[in-house]
Every structure is written in structure tokens, then in C-alpha cells.
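Just below is one structure, and these are the notes that go with it.
Every read-out reported here was derived from the displayed coordinates using simple, explicitly stated rules and does not represent laboratory data. The structure presented is a predicted model; accordingly, all values stated were derived computationally and were not measured. Heads up, the Cβs are rebuilt from the backbone with ideal geometry, glycines too, and the neighbour counts pull from every protein chain shown.
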There are 2 protein chains.
Amino acid sequence: MPTNSVVQPLLTDLYQVTMAYAYWKTGKMEDKAVFDLFFRKNPFRGEFAIFAGLGECVKFLNNFRFSCSDIAYLQEILPNVDQGFWEYLSQLDASQVTMSAIPEGYVVFPKVPLIRLEGPLPVIQLLETTFLNLINYASLVATNAARFRITAGDGVQLLEFGLRRAQGPDGGLSASKYCYIGGFDGTSNVLAGKLFGIPVRGTHAHAFVNSFSSLDDVSENCCNGRNNSSLNFYTLMCYCFPHRSGLPNFLAVALALNEYGYRAIGVRLDSGDLAYLSRKCREAFVLIADQFESPWMKKFTVVASNDINEETLISLKEQKHEINSFGIGTHLVTCQKQPALGCVFKLVEVNGEPRMKLSEDVGKINLPGKKSVFRLYSEDGLAILDLIQLCSEKPPEVGKKILVRHPFIESKRAYVCPYKVELLYRDYWGNNG
Amino acid sequence: MPTNSVVQPLLTDLYQVTMAYAYWKTGKMEDKAVFDLFFRKNPFRGEFAIFAGLGECVKFLNNFRFSCSDIAYLQEILPNVDQGFWEYLSQLDASQVTMSAIPEGYVVFPKVPLIRLEGPLPVIQLLETTFLNLINYASLVATNAARFRITAGDGVQLLEFGLRRAQGPDGGLSASKYCYIGGFDGTSNVLAGKLFGIPVRGTHAHAFVNSFSSLDDVSENCCNGRNNSSLNFYTLMCYCFPHRSGLPNFLAVALALNEYGYRAIGVRLDSGDLAYLSRKCREAFVLIADQFESPWMKKFTVVASNDINEETLISLKEQKHEINSFGIGTHLVTCQKQPALGCVFKLVEVNGEPRMKLSEDVGKINLPGKKSVFRLYSEDGLAILDLIQLCSEKPPEVGKKILVRHPFIESKRAYVCPYKVELLYRDYWGNNG
């Protein structure tokens, strides 16, 4: 079953249904079609994308069947359609479909078909929109997350905090899942934790501070020392910093808590000059740690948030920040730099004959024919290129020189001798044998 | 039940749960809190927003209850929490909550609380993220749709075609629903049609054209004349335009179909100079209509699509386009200009005492206290302003002069004498009596 109950055959554009009807009318129900799903341009003016969303496509195929109420609704909005078509539609499923694809999480490139679907023309046509919906945002946000990870470096924790700013409930859930695939360490989204096993993390909101107006608001029994300390926590606190807030207060509380057998974890910065404030925090941690002989305080976590994007991360690095963990929301989940990936789904073969779209816009012309994709590696283990060729062509072989062409620049050609050859496609659905 | 099954209490940030625990620990379970949900700045550098998403919030309240598996998951990720808290959490629901709000679809402004929630502090705290998630994107995309409508004018049809580019399945479904609220005429999304009764529309994809390679692909029996014409449809077609495509071909088919008792509807333009091409289409429609004495052809619909945004609509208008219907996808549903609204949820009162957030950033300081909002109208029926005041203050009265202040500019004040006073809040949940 798909994670989200709204993923069902009707989550599609109307024209897929009317086209399926036209295929049925013209007797093309059993025409064997091959469609490629690919993107034409890397997102974010970058040099790569991360492929994601495939798992949900498999679940969709597994569940692909029009319900009685679906058919009833379609009959209502398309009253002139032959009854025979509804009978045909009501027995459709994905059992005649085969799907080969690049594994989820792989680095992928423009023009390379990420998914190759084969099966009866009307059935594959009916899958188009849902597949694009499931792949486009998933791959976009995974790529965005990977870019944040590359920019931030491996030494820091990256947390996805975008649920409240995402495009609806599933936008939020997808963001949490695919940011994790893209290289994040966790999310604030509890449901994503429950459903996908992603680590969940959080701090606290301002409302929490505002809900207390004095120490009288706190009942004493809510803070029991772990080591049965005879000290009075409140007295200790008030004595330390009766009228201060912010960092000094945190340090006092951390020391008091330590006396009671609890270890504070760190602080969160949510506004101001994050690089400067993080350095000031770290200085204070070190100072107090030395003064109170509490070396563990030096390693307090500093979590930073507040509209963080790639540029902020670069700038903070240059300013030698002391942040251990970033909470990133809006810019991550909405992919502000480029909010849609633009994957397309093109017919490339019917009954063994290649098909292509012709256009005055050269970028819109697709590669015809049923294809296979190989990733070629050099001796040092690095990938050199992805080779697209027709399934009917002989696969590349290790140690054998082949002539390859650039996918965009006609004149660019090169000889490559692969040290290792990886067939990028795996079979994810149906009998590909 | 919420439209989307992922709308459940765990669709929240972890810190809401840990804060609820802290409230429980400090004995604040029964503290009566008031929270306001509002935005600080109009989206898209505009002058208004459309409020949307409220209906789903009501469904969420109606269904607000942690399941056994929710509690089990939370226990797993928060192992040090007192058992008593889990018992408390497992019996929570929204029965102690009251919600007043501005009706969905209203034009709304910054700082005006769109929703006012009142109830036990931990419960309202636990609602925050889900509410923000349900309101933020819904209101943003409804506002975007309204802006497209204002720009396009009332005379044209606007269709939402964004499903494949939206943020996941629910991003797509929300876009379809809230664009309709914002002033669109229909969507391509069939599920949105089924669930919400929105008119569904569509054209056809390029794959449909590509799936045919010659007339031999079409079986004769698929085109039966309605008026038992003795003409042969294929012969007629081939005779008219044996080697032409595009517009001349469409006109020939339209004439042939008419002979057979079917009326063609129109054409779709999906690339090129849309204004120029639409004018050329209209000229051809008129010419052929006159030549073949078929006046109905003059009124053929021209549907245009291809990355349309507000600027394109303005430019097409200036070029006197002849387009009847726009299919709008990416820019509409992703809200490219500003992909997040930024609604916030602030504590404004605890046990009858006002609370406010203090910040060096004046824009982040919220208005404290339990408030009410009135829309004041002038004699000509137009709204003058929205007046925010404390519930304890005397409501404005028709014909009585009142001093009002600008929400952002301290020095701006004015006397207003309302001709009509509308209390903007309606009771949507609980007993507000």
C-alpha cells in the first residue's frame, strides 16, 4: 500500500483517462509501449541530481486498480463514453507492466531515463502523472538536501525542520523522508520518524518560555534530583543568576542540573548573527567548563536555525562558526531556488518500433527506442560517465575501448575504456526476463 | 475524517511533544491558553491574502487522538519520560478546545489572527505544527490563484494543471482544491474532482500523437457518424489535407467531424509565441467559418499552456491574445515567487493573563491578549479596514466614530465611522458560549 492514501489511480490528469479511452476506441489496448521518465536539466543550476521516490511508485503499481466508486465518478464526468471502456478500465491492473529503474538514492544526470516502463499502451499512459508526481518533488528535495550536506560538510548535524512550511501534509512527510535520503541526519517530523524510522529531534518554541511568568508557575516536585542531592534547585538557581536570562542563565541551569544528576545538551540560536553568537557561546562554554572543572560543558551542542540556505551555510563557514547542528526548514523543503524538477515521461517505442517527439525546440526532442544505461568506472573506482544505448546494442565490456558521445554537444566525442561496468537498471516490477 | 490519512496528531514537530511533557511535569495541564495563528507579511509582495485550509483543521480536531501505536512509538523515542504522561496523552482529545476563525475564502491581512484557539495549554501546543501545515500552503496557493485570476480577468477560463509538479500527492491535491477556492475554474486532477466536486478538464499529451504512425493504426469502426452519413471519414480526411499537420489539419478534422455529427471544441497551444499563434488561430477559425458557412467554428476554444506566470498573462493581454483558457501548472502550484507563507502560532494569553513574545526584531513581537476582529464597511458597501481589539473591549457600533491605529506604523491613526460592522470570527469548534 502507498504511504499516502491519496496515491491512487485517480490521482492523475483527466487527459490520461480520455487518451486511454481513445486508445481503447482505436484498438490499441494491447499495443506494447515503452515510456522513459527523465529530466532535461539539473536542478539548482547544479551538476547532478539524486533520484528518489521509486519505492512509492512500486507501492502505487502494487495497488493500481480503479475502484467501483472511481468508475462511477468517471462515468459521471464523461457521460458519452462507451460502456465497454468502463468494463475494460475496471479490470485493469499493473500485472502486464514491467519496470526497470536506477536504484533510489543514486546520483543521476539529465537525459538518462531514471525509470523505463513497458506494457500495454493505455496502462502505461495512465501511470504517467502519478509517477511524475511521486518522482519530481522527491528527487528535487533529495538533491537539495544533498547540496546542503555538501555545503555544510560532514562534521555537522543537519536536521529538517520544514513541516510547517511544506506544501501540505504530504509535502511535509515527503520532505522529511527524502531529505534523509539526501544526507540529512534527522527531522522534527514525528510521523516521518514513526513511518520511516528517521531519527527525530527538536528544541522548544517561544510559547514554552512565555507560558511561565515566574518560578511560582513551577511546582517543586517536577524536578527531582537523580543523586538525591540535598541542595534546593530553586534556591541554587536564584542565587546564581537572579535577574539574568539567555546564556548566563543556561549555564547556571546546566550546572545546577548537573548537581542533580542531569546533563544539559546545548543551546539553540534562532536569530541574530549566528556565527558571532555561536563563537561567543563556545567561548563561554570553555570558560565556565574550566572554572567549574566541568570539561563536558565545552562540548555543548549549538543548534542554529532561522531561514538558513546554502549561501548562509557558506558564509557561516567563512566566519568560522561554532555551530554543531543546523535546523533547516523553508529553503530546504520548498526548494526556494527551484521549486520544481520538471521530469517528463515520453513514449519511446510502440510494438518494437522507436518513437520520438519532434520539436522546433531541440531540447524537447527525446531519445527514441528502448534503452539501457551503464555507468562506466575508471581504475581508481570513480564513475566516468553514464552510457545510454539501445537494448539491442551490445553492452559495453570491461577493458574494451568504446566511442561515446556527449548528450548535449553533438561534436563532443571521446574514447573510453571502462575498468568496471555497472548496469544501472534493476528490475522493480513485473517479469523482465 | 481528514481528507488525507497522514493528517494525524503525530504529523507534528517533536518539540511539541516534549513541551507538552514539560507542561505536564510542571502541572500546567489545565492552564487555559489562547493562541493566535496569523501571518506577518502579505505573500508575493502583494496587498492581501486568501485564507484557506480551515475545513481540514476542523477535520483534524474532530479526529485528534493519539493511537496506541503512536504512544508506543513515542515511548520508544523518548524512553526517560514518566509513565503517567503517556496515560495522560492517550486520553487527550480536542473536546476541551474552542476555535474561532475567519471563514475560509475570505480576504485577509497581516497581523490579523486568522484562527484563535483556546483550551488546555498542552493540547493547543500539540495542535500548532499541523495547523500551520494545513493553513500555510492552502492560503498561499489560494492567494496565488486569486492573483492569477485578477491578472487574467474574468473573461477567460483558468485551469490548474500542476499535479505532476506539485510537492508530492497531497501538494497536488491541495493545489487543486485551494486554487479553485482562489478563483480557478477547474483542474486536470481527477481525484480532486472526485473528492471535492471541482470541474475537471484536459487536452491530450504528445505521446498520444506519437502512438500513431499512420491511418492504418486506426480501425474504421472507431468512428461512427452520428447522423449516419454515407461519407467515408478517412477518405474525406485524406482528400482535404493529405500531407498537412497542425491548424489546417485540425480544421479539416473539425469539418469532417461535423459532417459526422460531432462538434470539435478547440485547440491547445503549448509552445511558441502564444499571443501571435492564438491570433492566427482565431483568424483561421473566422476565415473557414465564413467559407464553410459554419459560424460555430469562430468560437473554438484556444487553450494555452507552457510555464505561464503572472507576467506572461500581463504580456499576453498587452499583445491582445485570442486565448479562451489557460492551463497553469508549475508557477501556480509551487508558488515560485514565494514558496512559503510563514504563518505563525503565538501564545497570547494564559489563565486570563496576556502574554507576548519580546524580540529585538520589532516585526516578531506579537499582539498579546484574547482578541476579536471586526471588518468595518463604508456606506458604499466596501470594506474600510479590519479592527483588532481585545475581547474585553466594547465592540464597534454602526454610526459611532472610533479611533483606529495602523498595525505597522505607530503614528498613523484615523477616525472611522462604520456603516456596517461584521464580526469576522465564527465559531468552528467547541462551545464558545
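How far, in nm to one decimal, is B:Ser271 from itself in the other copies if the label point is set 7 angstrom along Cα toward Cβ? Shortest first, please.
Ordered by distance, the counterparts are at 5.0 nm.
Taking the Cα centre of the stretch A:153-333 as origin, work out the dipole magnitude from +1 charges on Lys and Arg Cβ and -1 charges on Asp and Glu Cβ, in debye rounded to 20.
Values: 16 positive and 18 negative charges, 48 e Å.
For the stretch A:153-333, the charge dipole is close to 220 debye.
Let's test the formula: R0 of 56 Å, r as the Cβ-Cβ distance of A:Asp93 and A:Tyr276. What FRET efficiency results, to the nearest 0.05? Spell out each step's value before the answer.
Numbers: r = 60 Å, r/R0 = 1.08.
About 0.40, to the nearest 0.05.
Placing a label point 7 Å from Cα toward Cβ, how far apart in nm is A:Ile77 from its equivalents in the other copies, listed shortest first to one decimal?
Ordered by distance, the counterparts are at 3.6 nm.
Give the long-range amide H neighbours of A:Lys420: residues separated by 5 or more places, or on another chain, with amide H under 5 Å away, using H modelled in the peptide plane at 1.01 Å from N.
A:Tyr377
Applying 1/(1 + (r/R0)^6) with R0 = 51 Å to the Cβ-Cβ distance of A:Tyr260 and B:Lys394, what FRET efficiency is obtained, to the nearest 0.05? Working shown, then result.
Numbers: r = 51 Å, r/R0 = 0.99.
Computed FRET efficiency for A:Tyr260 and B:Lys394: 0.50.
Among B:Leu269, B:Phe212, B:Pro295, which residue has its Cα furthest toward the positive end of the charge dipole of chain B, with +1 on Lys/Arg Cβ and -1 on Asp/Glu Cβ?
Highest projection toward the positive end goes to B:Pro295.
Pop out the ³J(HN,Hα) list for the stretch A:154-161 in order, Karplus 6.51 cos²θ - 1.76 cosθ + 1.60 with θ = phi - 60°, rounded to Hz; leave Gly and Pro as x.
Along the stretch A:154-161, the couplings run 7, x, 10, 8, 10, 10, 8, 10 Hz.
Please work out the C-alpha center-to-center distance from the stretch A:76-100 to the stretch A:129-196 and express it in whole Å.
The two parts, judged by their Cα centres, are 34 Å apart.
Using a cut-off of 27 Å between alpha-carbon atoms, which lysines can reach B:Lys299, once sequence neighbours fewer than 8 places away in the same chain are excluded?
The reachable lysines, counting only those whose Cα sits under 27 Å from B:Lys299, are B:Lys280, B:Lys317, B:Lys320.
Taking H as built 1.01 Å from N, whose amide H comes closer than 5 Å to the amide H of A:Leu269, not counting residues under 5 places away?
Hits under the 5 Å cutoff: A:Val303, A:Ala304, A:Ser305.
Report ³J(HN,Hα) in whole Hz for each residue of the stretch B:45-60, in order, from the Karplus equation J = 6.51 cos²θ - 1.76 cosθ + 1.60 where θ = phi - 60°; Gly and Pro get x.
6, x, 10, 7, 9, 9, 7, 8, x, 4, x, 5, 5, 4, 4, 5
What does a probe at B:Val107 reach in the stretch B:45-59, counting residues whose amide N is under 18 Å from the point 7 Å along Cα→Cβ?
Those under the cut-off are B:45-52.
Give me the dipole magnitude in Debye, nearest 20, for the protein assembly as shown about the Cα centre, with unit charges on the beta carbon: positive for Lys and Arg, negative for Asp and Glu.
Values: 88 positive and 88 negative charges, 265 e Å.
Around 1280 debye, computed over the protein assembly as shown.
What percent antiparallel are the DSSP beta bridges of chain B, to the nearest 5? Working shown, then result.
On the way: 38 of 51 bridges.
In chain B, approximately 75 percent of DSSP beta bridges are antiparallel ones.
What full-extension length gain, to one decimal in nm, is calculated for A:Leu382 and A:Leu287 as 0.36 nm per residue of separation minus the Cα-Cα distance?
Numbers: separation 95, 0.36 × 95 = 34.20 nm, distance 4.61 nm.
The A:Leu382-A:Leu287 span can extend by a further 29.6 nm.
Quickly work out the B:Lys420-to-B:Glu30 label distance, labels modelled 7 Å from Cα along the C-beta direction, and quote it in nm with one decimal.
Rounded to a tenth, the inter-label distance reads 4.5 nm.
What 222 nm value per residue comes from the helices of the protein assembly as shown, counting each DSSP H run with n ≥ 4 as -39,500 (n - 2.57) and dividing by all residues, nearest 500 deg cm²/dmol?
One gets -10500 deg cm²/dmol as the mean residue ellipticity at 222 nm.
Which distance in nm do the two modelled labels at B:Asp217 and B:Glu353 give, with both placed 7 Å along the Cα-to-Cβ direction?
Placing both labels 7 Å along Cα→Cβ, they lie 7.6 nm apart.
When the Cα centres of the stretch A:331-345 and the stretch B:1-64 are compared, how far apart do they sit, in Å?
A separation of 26 Å, based on Cα centres.
Just to confirm the numbers: B:Gly46, label point 7 angstrom along the Cα-Cβ line, distances to the other copies in nm, shortest first?
Nearest to farthest, the other copies are at 3.0 nm.
Calculate one ³J(HN,Hα) per residue across the stretch B:406-420 by plugging θ = phi - 60° into the Karplus curve 6.51 cos²θ - 1.76 cosθ + 1.60, and present them in order as whole Hz with x for glycine and proline.
Per-residue couplings from phi come out as 6, x, 10, 10, 3, 6, 7, 9, 7, 8, 10, 10, x, 8, 8 Hz.
Using 1/(1 + (r/R0)^6) with R0 = 56 angstrom and r between the beta carbons of A:Arg65 and B:Lys298, what's the FRET efficiency to the nearest 0.05?
Calculated transfer efficiency: 0.80.
Output needed: percent of Cα pairs per 10 Å distance bin for the stretch A:153-333, bins running from 0 to the one holding the longest distance.
Result, from short to long distances: 9, 31, 32, 23, 7, 0 percent.
Give me the number: length gained by fully extending B:Leu403 to B:Ser5, i.e. 0.36 nm times residue separation minus the C-alpha to C-alpha distance, one decimal in nm.
138.5 nm
Please average, across the residues of B:328-338, the number of beta carbons from any other chain that are within 10 Å of each residue's own beta carbon, and give a whole number. Mind dumping the intermediate values first?
On the way: counts 0, 2, 5, 2, 0, 3, 9, 3, 5, 1, 2.
The per-residue average across the peptide is 3.
Take every DSSP beta bridge whose two residues both sit in the protein assembly as shown, then give the antiparallel share in percent to the nearest 5.
Working: 78 of 104 bridges.
For the protein assembly as shown, the DSSP antiparallel bridge percentage is about 75.
Considering only B:Arg147, B:Arg268, B:Arg413, give the residue with the highest GNM mean-square fluctuation for chain B, with springs between Cα atoms whenever their separation is below 10 Å.
Between B:Arg147, B:Arg268, B:Arg413, it is B:Arg413 that shows the largest mean-square fluctuation.
Near A:Lys400, which lysines are there with a Cα under 18 Å away, not counting those fewer than 8 places off in the same chain?
Within reach: A:Lys420.
Set the bar at 18 Å for Cα to Cα. Now go through B:Lys41/B:Lys111; B:Lys111/B:Lys412; B:Lys177/B:Lys337; B:Lys370/B:Lys394; B:Lys32/B:Lys59 and name every pair that lies beyond it. Numbers along the way, then the final one.
Working: B:Lys41/B:Lys111 8 Å; B:Lys111/B:Lys412 16 Å; B:Lys177/B:Lys337 20 Å; B:Lys370/B:Lys394 13 Å; B:Lys32/B:Lys59 23 Å.
Beyond 18 Å: B:Lys177/B:Lys337; B:Lys32/B:Lys59.
List the residues, sorted by chain then number, that are 5 or more residues from A:Leu390 or on another chain and whose placed amide H is less than 5 Å from its amide H.
Here the answer is A:Ser372, since their amide H atoms fall under 5 Å of that of A:Leu390.
Quick one: putting +1 on the C-beta of Lys and Arg, -1 on the C-beta of Asp and Glu, what dipole do you get for the stretch B:322-433 around its Cα centre, in Debye to the nearest 20?
Working: 16 positive and 13 negative charges, 60 e Å.
The calculation lands at about 280 debye.
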